[in-house]
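The values are calculated or read from the model by the stated rules, or taken from the named source; none is laboratory data. In this text the structure is predicted, and so the values were computed from the model without any measurement. In this analysis, Cβ positions are derived from the backbone assuming ideal geometry, glycine residues included, and neighbour counts consider all displayed protein chains.
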Amino acid sequence: MELQISNLSKTYPNGVQALKNINLNIPQGMYGLLGPNGAGKSTLMRTIATLQEADSGSILLGDLDVLKNKSEVRKILGYLPQEFGVYPKVSAETMLDHIAALKGIANNKERKEVVEMLLQKVNLWDVRKKNLGTYSGGMKQRFGIAQALIGNPTLIIVDEPTAGLDPAERSRFHNLLSEIGENTIVILSTHIVDDVSNLCQNMAIICLGEVIAEGKPNELVAAIQGKVWQKLIEKSELDHYRADMQVIATHLKAGRPQIHVLSDERPDTSFEATEAGLEDVYFARISEKMEVITV
Ligand code: ADP
C-alpha cells in the first residue's frame, strides 16, 4: 500500500499559500517530512488526517480516496498532533479505554486487552492509574503514540513529536516509532534533521509550501558527497563568505564559526573537504529555495 498525494494545494483565507501543488508517493515504513517552521508540514498532515480541506488535488491510500471518504480513513488512521492536549484528571488507562470505545472497539474484554497491550508497549503500564496531568512530556508523547495505535492503523501521522523531550525520552520515543514502522506507513513531520536521518527510509523536504527534495536520505547525501568544504572563520568574515560562496551551514566550534560551503571545486586551499550529511542536504536545498525567492 502506498499513499499518493497529487497536485495538492491549499491557500488560507488570509492569502497564505501553505501548499503549492504537492506531489508525493509515500511507501510503507517511516517517511520523514522535513521542513522549517511555516513550510506547510502541519497543513499537509492535517489534510491527510482528514481534519482540514485542500483547495485542489487528491490523496489516495491504496484505492481509498482520502479526501472523499473521511470516515473510512479515520478508522485506519492513527494521528499524533503537534499540540497534544490531555485531560489532566483522567488516568491513561481510562482515557485509552474511552478512545478505544470511540474508535469502535465495543466488546469490553477485547477493549481491555487492547488497552493493556498498548500500555505495555509504550511502557506506561506501571503508571497507568496515574492522572495524565502528572505525566512528563515524554510520558505524554508515549501516551499519544498509544492512542494513535488503537485499532491497528495502516497510516500513522506524527507531527513534530520530539519538541520538549529530553535526550533519553527522545531516544525511547524513536525506538517505539521504529518498531511500529514495519507494516505501516508512518509519516514523521519534523524540523529536526537528525530524527529523519536516524529513523526514516524515505523522506521529502518541503519549504514555502513546495517539495524541494525527495528520496532516500543516503541517496540525497550521496548526491552532494565531495562537494562540501569547511573552514573556521572569524564572525566578522561571515557576510563576506556569504556574498562570495554558497554557505549552507554555520556551526560554532569553541566559539568560532565553522562554515560549510557547497561547491563542485575546493573554493581555495584554506578550505578542507568534509563528509556531507543530511543537514548539508537540508540547508543546501533550503538556501537555494530561499535565494530564488529573495532574488
Ligand atoms: P509548519 O507545520 O511547517 O510549521 P504550517 O502548515 O503550520 O507549517 O503553516 C504553513 C503556512 O500557513 C505558514 O505561513 C502559516 O503561518 C500559515 N498558516 C497555518 N495555519 C493557518 C491558518 N489556520 N490560517 C492562516 N494561515 C495559516
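If you go through region 129-144 and pick out every residue that is crowded, with 19+ Cβ neighbours inside 10 Å and more than 22 Å from GLU160 (Cα to Cα), you end up with 0. Going through (1) away from the ligand (no atom under 16 Å from the Cβ); (2) under 23 Å from ASN23 (Cβ atoms) one by one, ALA243 falls short only on (2).
Answer yes if at least one residue in region 144-157 is in the same structural domain as GLY40 (by TED's automatic domain parsing), within 16 Å of the ligand (Cβ to nearest atom) and outside any loop (DSSP other than H, G, I, E, B), and no otherwise.
Yes.
So is GLU72 away from the ligand (no atom under 16 Å from the Cβ) and modelled with pLDDT of 95 or more or not? Taking the combined requirement at face value, the residue does not satisfy it. Answer with yes or no whether SER6 is small (Gly, Ala, Ser), more than 14 Å from the ligand (Cβ to nearest atom) and surrounded by fewer than 23 Cβ atoms within 10 Å (Cβ to Cβ). So SER6 passes the test. Applying the criterion of being in a strand (DSSP E or B) and hydroxyl-bearing (Ser, Thr, Tyr) to the residues of region 186-206, the residue that is farthest from the ligand (Cβ to nearest atom) is THR190.
Within region 14-31, residues that are among the basic types (Lys, Arg) sit with their Cβ atoms under 6 Å from residues that are within 9 Å of the ligand (Cβ to nearest atom) and part of a loop (DSSP other than H, G, I, E, B), at 6+ positions apart or across chains, in these pairs: LYS20/GLY209.
For beta carbons closer than 8 Å, sequence separation of 6+ or different chains, a first residue in region 202-215 that is over 14 Å from ASN25 (Cα atoms) and a second that is among the small types (Gly, Ala, Ser) and in a strand (DSSP E or B), the qualifying pairs are GLY209/ALA18.
Checking each residue in region 24-53 for being assigned to a loop (DSSP other than H, G, I, E, B) and surrounded by 21 or more Cβ atoms within 10 Å (Cβ to Cβ) picks out GLY35, ALA39, GLY40, ALA49.
Looking at LEU177, LEU188, LEU132, just one residue is in contact (Cβ under 8 Å) with a residue 12 or more places away in the chain and in contact with a Cys (Cβ under 8 Å, 6 or more places away or on another chain), and that residue is LEU188.
When region 15-39 is filtered for residues that are hydrophobic (A, V, I, L, M, F, W, C), over 11 Å from GLU210 (Cα atoms) and more than 8 Å from the ligand (Cβ to nearest atom), the ones remaining, listed by number, are ILE26, MET30, LEU33, LEU34. Sub-6 Å Cβ pairs linking a first residue in region 40-57 that is under 13 Å from VAL211 (Cβ atoms) and modelled with pLDDT of 95 or more to a second residue that is more than 9 Å from the ligand (Cβ to nearest atom) and small (Gly, Ala, Ser), at least 6 apart or interchain, are GLY57/SER6; GLY57/SER9, ordered by first then second residue.
Among residues of region 75-93 that are on the phi < 0 side of the Ramachandran plot and in the same structural domain as ASN108 (by TED's automatic domain parsing), those with a Cβ under 6 angstrom from a residue that is among the acidic types (Asp, Glu) and surrounded by 12 or more Cβ atoms within 10 Å (Cβ to Cβ), sequence gap 6+ or separate chain, pair up as PRO81/ASP159; GLN82/ASP159; GLN82/GLU160.
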